[in-house]
Structures are given as C-alpha cells and as structure tokens.
Amino acid sequence: MTQSRYQGPTFGDRGRRPSALPTSEQHVDIENPEAFLHNNRSNISDAVSDHLHPPLTTHETNTSYRSNNPTIRRLHGDNLFVNPLHDHTGKPLRRLGSETIGDILAHPIKELQLHTKRSEAYEAEKNEWNEKHPNSIASKKDVLNCEEPIVEGIRIRLTIHFRHLVGDQDFKFTEEQIERIEKPLNLTLEEKEELRSFKDTDDLIDFLEETNRDYSVKVHKTVAFRAELAQKRNELSDSFNAFDLGDKSNSTTFNSAITSEKQNSSSVQNGSTEDFGPHKERPHKNHKNTDILIDLNKNVYIQIQFMAIIQEHIVNQRRALFLLPDPDLSDEIGEESSATWIELLGDVFYVGWITNFTHSIHIDNVSNLATYAAWFVVMWWTWCSGALYSSRYDRGDVAHHVYKIIELCGLIIMAGSSGKINFESNPKMFIIGYIIMKSVILFEYLVVFIVSLGAHFKSSRRPLGFYVAASAVSITMWGVSLLYVAREDLSKRYALWYVSIGLEVIVHLWFQGNSRVSLAASHLGERFGLFTLIILGENCMGFIKMVSEASTTSNVIICNVFGVTIIFCYFFMYFDDFSGEAMATTRLSQLWMYLHFPLHLFQVAFGIALTDIILIHNAYKDTPAYLAETLHKCASIAAGTVDSAVTASAEHLTLSNATTMATQYSVFKASAAVGGGEEEELNCDPLFDIKIFWITAGLILCFNAFIKWINTPIKGSMPSHFICVSRILNAIIFFALSKTTYAHLDGLEMVSIMMACLLFQSAIDLLD
C-alpha cells in the first residue's frame, strides 16, 4: 500500500488563533511578473525592479563589476529596503524596518543610518503626495491601518536542474538564451561576454557563486542515461552491421546515420532549445506558467522563478481568556491540525513518569511483570483520555492552560506514588492524583455538554452526556477504592480501577461512528505517533543509563551497538509509512488507536528486557557455568518444597544433554516460590529475562503488523500484505527462541540474532 510518508509533526496552535506577530512575510508566486510590477511598481524599490528592467549599460565606475553587482541578494533582509511602500491608490506608506534589538546592538550605526534614510524617503514622498492629494492626506499611521497585503519586492530565483547526476553536463549558451536571462539576472555586458565562454555547468555555478546570485541546484534521478547510452550504442552497432561495401544504398544509409548523430551532438553542445525528444520532459514539480525554462542540453535545464515578497499586517490579538468549545465537530473533519505546545509539555511529564517507574522495577519474575502491567494500564489510559479531549476541544485559551496546570499537578502526585511498594501497599496518593486528573477532564466535558444544551446541538448532547457520565462514574469508583488501600485488598482495588477504565473505553467505542464527536476532526493520529516516539525514547534513556554503567570490553560495546540498531529498526518499522491523518482515513479508527496500548506496553517491557540482557552479559552471568551454578543453588533452595524426584534430579543437575528443559523450569519455579532464601541477590529464574526479551519483541512485531493491516486495502496492496505476514513470521521465530537458555546462546548471540532478523524485516519493509 502506498501511503504518504510521515515527515514529523507540525507544532503550533492548530491555526485556530491568529498569530500574535504584527507582521509576517510570505513568498508568493506571481502569475505575471511584468503586469505585477506594473500594478505594484510604487511598492517595489528601484533596486528590486531592476531585476526585470535592468539598465543595458555597463557599470563604468565599478572597478570590479562582481563586487558591485546590483543583484547581490538584495531581498535577503528588509533592512536593505529604503523606499516607502504604497497602497493600491499609490499613497506612500511608511516602511517599518524588521530590525530587532539584537540587530541594533550588533550594528547600531548601520541601523540608525537605515532608519534615517527610510524616514527621509517617506517624508519626501508624503509631502509630495499631500500637495497633490489634499483630500487624502498621508500619515505615519496609514501602514498600521492598511488591511490589504503590501508588496515588498520580487525575488528572482534561478534553479539548475539535473535530470540525472551522471548525465551530460557540457553545454554552450546561445545568444537567444543569453537574451532571455539578461533582464531577470540583470546581466552586465561583461557578464554576458563571460557567459558566452562557459563550457559546462561548473562554469555556470562558479559564476553564480562569485556574483552572489540567488540560485540552487536540484538533481532528479528520473532518467536512466546509462540505458539510453546503451540503446544508442546498439543502434549504432546495427548501422554498422547493415553496412555493405558493395551496396551503395547501405553506404548512404550509414553515412546519413553518422551525419544525424553529429548533428544531434552539435545541437546539444550549442545549447539548442529545440525538442530533445523524451528528455524534454522536466521532472520538477514547482512549475508556474510565468517561469522561464531553458534547456542547456538533454540533461540540464535552468528555471527562473519570479516570487513576490508580500507583507501582511495581522492585528495583534491577545490570547483569549475563554473560548466556547465547539460541540459539533462534523464540519472540522478533514481539516489539518497539529499538536500544540502545551500538549507536548504534558507529554514531557509522562516521559519522566515512565522513566521513574521503569527504573524502579526489573521485570525478572511474574510478580514484577504483573505490577508493571497493572501500572501501565492506568498510566496509558490517563494519557489517552486526556489526548481524546485536548485533540478535539482544546481551543488554546487561557482557561485550558489552567486546566492543564491542574492536570499536571495530579500527574506529579501519581508519579510520586508509582513505585512498586507504594503502588501495591500504599496507593492512597496515587488514587488522589488520578481523581484530580479525571476531575479536570470531567469538568472540561461538562463545559462542552452545557454549551451543546444552550446552543441546541441536539445531535451532540447524547455522546457528550455519556462522556460526562462515564467520567463521573469512574471518579466515584476510584474514590471507593480509597477504602481498599491495604495490600490484602489489592484484588478489590484493581477490580474497581479497571472496571471504571473499561467503562470509559466502551463509551468511546460506542460513539466512534458519531460524526459530531468524530476523532477524524482531531490530530489524535499525530499524538499517538508522538507518544510512540516517547516510548522509544524511554527505551533509549534506560539503554544510555545502562551503557554509562557497563564496562568497555569489546563484547559489551558490540552488544550496545546491536541494541541501538534494534531500537532503530523498531522505530523504522512503525514510522516509515506512518500517516498523521490515520484517524481521518481509517474506518476503524478506534481499533487503530487502542491497538497502540499493547504495542506501547510491550515496547516498554522490551526496553527493560534488552537492558537486562546486556547487563547480564556485562556481568558474565550468561555463561553455561553460571547457569549450572544457579541451578544447583536453586535446587538447594527448592529441596524442601518439591518432591523427592525433582530434588534428586536437581542435586545432580549438569548441562549435559541428559538435562531437560522441563527439569530446569521446575527447579526455577519451585525455588522462586520459596522466595530465594537467604540469597537475596540470587535470581532463581534467570530464564525469565530471556522469555520476556523474545516474547515482547515478537509481540511488538505482531501489533505493528496489525496496525499496518488496519490501514491496508484488501486489493492492490500485495507488498503491504507481504510485509505484515513477514512480521508475523519473524514474531513466530522470536517466540520459538524464547525456549533457549544461556546453555545455548549467550547475551551477545541473542542480541545479534534479533538484530539480524529485524534488519532483514526492515529490508522487506522497503518494498512498500
């Protein structure tokens, strides 16, 4: 399936609030440069208009025409403009310079001189205008009251296009071509004479660079010149084969072929603008009818663009204290929006929260895995529920900023109580923090619901009412869980928490098809992409912390390099064909969204497991000898809890082929149940890290495949289907490898195998 490549987020305020900047500049392509200059000639300084109407005489007073050429990037700063601006009637408008405090501090005398020149030029034209037009007096405030865009000037941009990098670069300017570029480039007689001596593109680029002209170079690898040359070679060979000394007609045919080849070669060298056959097609996409296009040869052509620099005055508008949210989002479906800065600030807090928890727990047994999963469900839904509201109803006003402050305070309270001990034995502050955050969301939805009642948005009331009710029930259930904060009431507390979260999820799923609260009118797809990047970033933070504490032996360094490659492969797998508009283009948008929960869950767990595998390798605990020693210690611990047969086999355990995996796992399970005895640092299930490492890696592949499949059409997308199937097959391989032990593979070998599989998968992903 061919999808638009995701180029990353466009941060800002979604375009819902006008910019606070008083002025802005935009480069706008003009339809007719000559007519544009005629209609707006009073707005353009003499130096700029000379680009299209240059003097035809030489600069006699210039000792070096290159150092004083009038085309030297005059449009790269407003400070170089002195002449006043003009409105559509011709009235002079005071030119406001764009200098900043930094410019004044750096060049005070220069900026003062420019300011003085601008003022003098304006006063002169203003006085002349007021004398001729007493009914339309010009004043300094006119520029602030001008509602129409003001033309600053015209930018002339020259682009040298190469159809192919290895193609022909030799050419020679013709007189016709020089005449066409003379006015746009404001060429002097000396420069025109120099152009006639050019032999290739290097001469042209050197000339443009030395004269400081505005130019760029583009290479379009769209024409296979090697194939073309091979075709010409074959045609010429056929001509030779057809040549017969005894046949005069054949001789004539051959000579005409040679003559034709020479003529074609001559036409290219002379820079003829005649049709070059199929190579006449120009691959650039920013073509306008007013552009000047000149073919220098079959491979190279130049493009000259005329772009008006327009200054638009935007009324300075303060951030509103409160804006009514829109209860009906159906008219915003398909509109482009992006994550706001305040949303990204909230995501930064989640980065700290995730990092703090993952660094306080090691997923080396079932108990820690259960604690991690229980915490992650709450954390993920906290972020998701906030994103569901802000991506649809946040108007960027001061009120929503206040809401976000209160919400972040609740998040900090939850993060401070998220350690394993506090989360299981003393969750009171964790519950209070969650109630604070959900109360903010409840109040926000309540405001939107009230607006729908007052504005008679009947179709929006039902879903908004259910959102409010679900949030209220959730807060109530979490409040009830405060009665069960003891460790022995853990199951009751979890039941209240996850039933409330499930209720909210069901409500959102139930109204997924309602266009009035449609997720297609949000930038939620971009938010999930950014949060996935945050999860991968957390893996990197834990990985970097591990690297700083590990040794610098060659094996460990190789492990670290392979680990970075693995993380990048998972990044590439998700983002290579990610589209920020997924919520608007996918029918099952809610399913696409909730598939990210297991993906994020296993990504964080995999990051912890990858770090643990490398740490174990760094401590030389991934050797068969260490595994045998651990088995004997675990067997002694399990001696009083397993039957005599298992204990006897454990006491004589070796790494020979007679040792079965079932015996090893039974010893680890029994010893882990005892709790490790006096050996507090002894991990009586060293194989658990291996299982988590391979299983979570495989599950990430599976859910990446499912997320891609959601957006893939059934027909016409064979590469996408093949990629998804290959991910599933790779996952099956990872699941099978979860049965290995350190007797079979050490940490470096495991990381190496996973990296090889993921690199192979990344190569397959390039098929789409």
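The values are calculated or read from the model by the stated rules, or taken from the named source; none is laboratory data. Predicted model, so just to flag it, every value in this text is computed and none were measured. Using ideal geometry, Cβ is built from the backbone for each residue, glycine included, and neighbour counts are taken over all protein chains shown. When the accessible area is computed, the model is the full protein with side chains, heavy atoms only, and any ligands, DNA or RNA have been set aside. Shrake-Rupley method; radii C 1.70, N 1.55, O 1.52, S 1.80 Å.
Just so you know, in the range 313-343 the residues that are modelled with pLDDT of 85 or more and outside any loop (DSSP other than H, G, I, E, B) include one that is surrounded by the most Cβ atoms within 10 Å (Cβ to Cβ), and it is 343. When the criteria are applied in full, residue 423 fails the requirement of being modelled with pLDDT of 90 or more and crowded, with 19+ Cβ neighbours inside 10 Å. Might you check whether a residue that is crowded, with 16+ Cβ neighbours inside 10 Å, within 27 Å of the chain's Cα centre (by Cα) and farther than 14 Å from residue 616 by Cα occurs anywhere in the range 542-556? Looking for residues that are crowded, with 16+ Cβ neighbours inside 10 Å, within 27 Å of the chain's Cα centre (by Cα) and farther than 14 Å from residue 616 by Cα, one finds at least one in the range 542-556, hence yes. Criterion applied to 357, 349 was being crowded, with 17+ Cβ neighbours inside 10 Å and assigned to a helix (DSSP H, G or I), and the one residue passing it is 357. Residues of the range 493-513 that are in a helix (DSSP H, G or I) and touching a Ser or Thr at 6+ places or on another chain (Cβ under 8 Å): 493, 496, 497, 500, 501, 503, 504. Please state which one of 470, 415 is over 25 Å from residue 370 (Cα atoms) and assigned to a helix (DSSP H, G or I). Just a single option satisfies the conditions, and that option is 470.
To keep it simple, each residue is scored yes or no on (1) of a type outside the set (Lys, Arg); (2) loosely packed, with under 12 Cβ neighbours inside 10 Å; (3) over 19 Å from residue 148 (Cα atoms).
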| position | (1), (2), (3) |
| --- | --- |
| 88 | yes, no, no |
| 95 | no, no, no |
| 103 | yes, no, yes |
| 108 | yes, yes, yes |
| 111 | yes, no, yes |
| 115 | yes, no, yes |
| 119 | yes, no, yes |
| 126 | no, no, yes |
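Among the residues of the range 514-560, what is the count of those that are of a type in the set (Ser, Thr, Tyr), in a helix (DSSP H, G or I) and either over 22 Å from residue 360 (Cα atoms) or modelled with pLDDT of 85 or more (or both)? The qualifying residues number 3.
Condition check for residue 481 on (1) in a helix (DSSP H, G or I); (2) surrounded by fewer than 19 Cβ atoms within 10 Å (Cβ to Cβ): one failure, at (2). Applying the criterion of at least 1 residues that are at pLDDT 85 or above and either touching a Phe, Trp or Tyr at 6+ places or on another chain (Cβ under 6 Å) or open to solvent by less than 30 Å² (accessible area, probe 1.4 Å) (or both) to the helices (runs of 4 or more DSSP H) found wholly in the range 651-768 leaves 687-710, 718-737, 747-765. Just one of the listed residues (375, 341, 383) is under 20 Å from residue 467 (Cβ atoms), of a type outside the set (Lys, Arg) and in contact with a Phe, Trp or Tyr (Cβ under 7 Å, 6 or more places away or on another chain), and it is 383. Restricting attention to the range 375-399, the residues that are open to solvent by 10 Å² or more (accessible area, probe 1.4 Å) and more than 26 Å from the chain's Cα centre (by Cα) add up to 3. Within the range 265-310, the set of residues being modelled with pLDDT under 50 and not small (Gly, Ala, Ser) comprises 268, 269, 270, 273, 274, 275, 276, 278, 279. Once the range 100-120 is narrowed to residues that are over 41 Å from the mean Cα position of the chain (by Cα) and of a type in the set (Lys, Arg), the residue that is farthest from residue 86 (Cα to Cα) is 117.
If the requirement is being among the polar types (S, T, N, Q) and either more than 21 Å from residue 434 (Cα to Cα) or under 36 Å from the mean Cα position of the chain (by Cα) (or both), which of these qualifies: 481, 460, 491? The match here is 460. Residues in the range 426-457 that are closer than 30 Å to residue 371 by Cα, among the polar types (S, T, N, Q) and crowded, with 19+ Cβ neighbours inside 10 Å: none. The helices (runs of 4 or more DSSP H) found entirely in the range 133-222 that carry 1 or more residues being buried (at least 16 other Cβ atoms within 10 Å of the Cβ), among the charged types (D, E, K, R) and in contact (Cβ under 8 Å) with a residue 60 or more places away in the chain are 175-185, 189-195.
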